[in-house]
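Let me begin by presenting the structure, written as structure tokens, before commenting on it.
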Amino acid sequence: MSASIPKILAPRLLPLDLDHRLKLVREFIPGRIVFTTSFGIEDQFVTHSIFTQGLDIDVVTIDTGRLFPETYELWEETEARYARRIRAAYPQAKPLEELVEEQGVNGFYKSVEARKACCHVRKVEPLGRLLHGVSGWITGLRADQSTARADVPMIAFDANYRTIKINPVLDYSREAIVAATEEFSIPVNKLHAKGFLSIGCAPCTRAIEPGEDERAGRWWWEQDDKKECGLHVGEDGVLRRGPAPKEPEAFQ
Ligand code: SF4
């Protein structure tokens with residue numbers, strides 16, 4: 001597979017709507033493509049498009065073991081609505097047992113390092129397994145969710161996971177997505193109506209105040225304005241904004 005695909009597809013994707021973007025991605029990129037959902041409103045919009053178009057794209061998730069009850073309810077409701085299973089990856093038992101033994105059951109509050117260690121065991125490592133060997137990785141990232149996501153590209157080669165990463169709702173506003181979920185009766189998390197705009201693990205997510213970044217409720221006790229869990233971050237610890245500087249062998 002050629003890493004020139006992002007360059008070719010980027011200008012063709014931009015003028016399209018979500019349905020046509022996903023269709024083009026599926027037609028253009030051979031091999032397995034996965035969409036990783038955390039059941040946020042953007043993810044539900046993308047899931048709806050994949051399932052209603054019958055696209056050959058696997059919708060998968062990561063069950064960290066610390067999700068809100070409302071998220072599990074939505075997961076079940078979504079599977080029932082579209083009659084499709086959403087496969088999950090789980091943290092590995094031994095590293096998780098060692099993590100909890102070392103830092104305690106809520107040890108992630110103690111320091112940024114402890115929180116990142118928890119995110120690594122519960123999210124980043126399972127994501128690596130979900131993305132192993134895939135040709136394309138679709139996400140529900142939006143540029144205006146936070147300042148850290150403002151200049152992320154719609155499609156780029158991801159050197160960390162050695163795959164093409166596509167963010168097909170990158171330029172959608174939250175309002176446009178809310179309107180679409182209402183128009184098509186797409187199930188959404190009940191917590192959105194309670195001020196939780198970005199929903200992750202229960203102990204690490206709070207509702208936000210008007211005017212705050214959508215992701216301000218994530219790890220709210222930390223001061224850094226570029227808070228990410230590591231899923232979309234490069235080896236240098238920075239949110240991946242552009243194509244990899246060097247094309248890995250597998251894609252030459
Ligand atoms: S969001 Fe919180 S509970 Fe979830 S993996 Fe990260 S630190 Fe752990």
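The values are calculated or read from the model by the stated rules, or taken from the named source; none is laboratory data. Only a predicted model underlies this, so the values are computations on that prediction, with no experimental measurement involved. No Cβ is skipped: glycine too gets one built from the backbone with ideal geometry, and neighbour counts run over all protein chains shown.
Answer yes or no as to whether LEU99 is of a type in the set (A, V, I, L, M, F, W, C), over 22 Å from PHE196 (Cβ atoms) and within 16 Å of the ligand (Cβ to nearest atom). Write out each step before concluding.
On the way: of a type in the set (A, V, I, L, M, F, W, C): yes; over 22 Å from PHE196 (Cβ atoms): yes; within 16 Å of the ligand (Cβ to nearest atom): yes.
Yes; evaluated as a whole, the condition is true for this residue.
Which ones in the range 207-224 are surrounded by fewer than 20 Cβ atoms within 10 Å (Cβ to Cβ) and either small (Gly, Ala, Ser) or at pLDDT 90 or above (or both)? Write out each step before concluding.
First, pick out the residues of the range 207-224 that are surrounded by fewer than 20 Cβ atoms within 10 Å (Cβ to Cβ): 207-214, 216, 220-224.
Answer for the range 207-224, where residues must be surrounded by fewer than 20 Cβ atoms within 10 Å (Cβ to Cβ) and either small (Gly, Ala, Ser) or at pLDDT 90 or above (or both): ALA207, GLY211, ALA216.
Determine, yes or no, whether ASN167 is modelled with pLDDT under 95 and away from the ligand (no atom under 16 Å from the Cβ). Talk me through it step by step, then tell me what you get.
Details: modelled with pLDDT under 95: no; away from the ligand (no atom under 16 Å from the Cβ): yes.
In short, no.
Being surrounded by fewer than 22 Cβ atoms within 10 Å (Cβ to Cβ) and at positive phi is the filter here, so list the residues in the range 12-39 that pass it.
Hit for the range 12-39 is GLY31, nothing else.
Restricting to the range 161-176, name every residue that is within 20 Å of VAL25 (Cα to Cα) and in a loop (DSSP other than H, G, I, E, B).
Initial filter on the range 161-176 (within 20 Å of VAL25 (Cα to Cα)): 161-172.
Passing the criteria: TYR161, ARG162, ASN167, PRO168, VAL169, LEU170, ASP171, TYR172.
Can you pull out the residues in the range 84-120 that are closer than 17 Å to THR61 by Cβ and polar (S, T, N, Q)?
GLN92
Any residue in the range 113-125 that's over 12 Å from GLU102 (Cβ atoms) and near the ligand (Cβ under 8 Å from one of its atoms): show its pairings with residues that are among the small types (Gly, Ala, Ser) and part of a helix (DSSP H, G or I) at Cβ separation under 8 Å, as long as the two are six or more apart or on different chains.
Listed pairs, sorted by first residue: none to list.
Exactly one condition in (1) surrounded by 20 or more Cβ atoms within 10 Å (Cβ to Cβ); (2) farther than 25 Å from TYR82 by Cβ is not met by GLY140; state its number.
(2)
Which residue, of VAL46, VAL34, VAL25, is more than 17 Å from THR205 (Cβ to Cβ), more than 14 Å from the ligand (Cβ to nearest atom) and part of a strand (DSSP E or B)?
On the way: VAL46 fails: part of a strand (DSSP E or B); VAL25 fails: part of a strand (DSSP E or B).
Result of the check over VAL46, VAL34, VAL25: VAL34.
Would you check which residues across the range 63-104 are under 12 Å from ASN189 (Cβ atoms) and in contact with a Pro (Cβ under 7 Å, 6 or more places away or on another chain) and list them?
Correct list: LEU74, GLU77, THR78.
I'm told VAL238 meets every condition in (1) modelled with pLDDT of 85 or more; (2) among the β-branched types (Val, Ile, Thr); (3) more than 16 Å from the ligand (Cβ to nearest atom) except one. Can you identify the failing condition by its number?
(1)
Please work out which one of (1) within 14 Å of the chain's Cα centre (by Cα); (2) crowded, with 20+ Cβ neighbours inside 10 Å is the condition ASP58 fails and give its number.
Single failed check for ASP58: (2).
Could you list, in sequence order, all residues of the range 61-89 that are surrounded by fewer than 18 Cβ atoms within 10 Å (Cβ to Cβ), aliphatic (A, V, I, L, M) and within 16 Å of the chain's Cα centre (by Cα)?
Once the filter is applied, which keeps residues that are surrounded by fewer than 18 Cβ atoms within 10 Å (Cβ to Cβ), aliphatic (A, V, I, L, M) and within 16 Å of the chain's Cα centre (by Cα), the range 61-89 yields only ALA88.
Which residues, counting only those in the range 126-163, are modelled with pLDDT of 95 or more and within 16 Å of the ligand (Cβ to nearest atom)?
Within the range 126-163, PRO126, LEU127, GLY128, ARG129, LEU130 qualify.
So, ALA216, is that one away from the ligand (no atom under 16 Å from the Cβ) and either of a type in the set (A, V, I, L, M) or in a strand (DSSP E or B) (or both) or not? Steps first, answer last, please.
Values: away from the ligand (no atom under 16 Å from the Cβ): no; either of a type in the set (A, V, I, L, M) or in a strand (DSSP E or B) (or both): yes.
No; evaluated as a whole, the condition is false for this residue.
Which number in (1) farther than 21 Å from ALA159 by Cα; (2) within 11 Å of the ligand (Cβ to nearest atom); (3) hydrophobic (A, V, I, L, M, F, W, C) marks the one condition that ALA93 misses?
(2)
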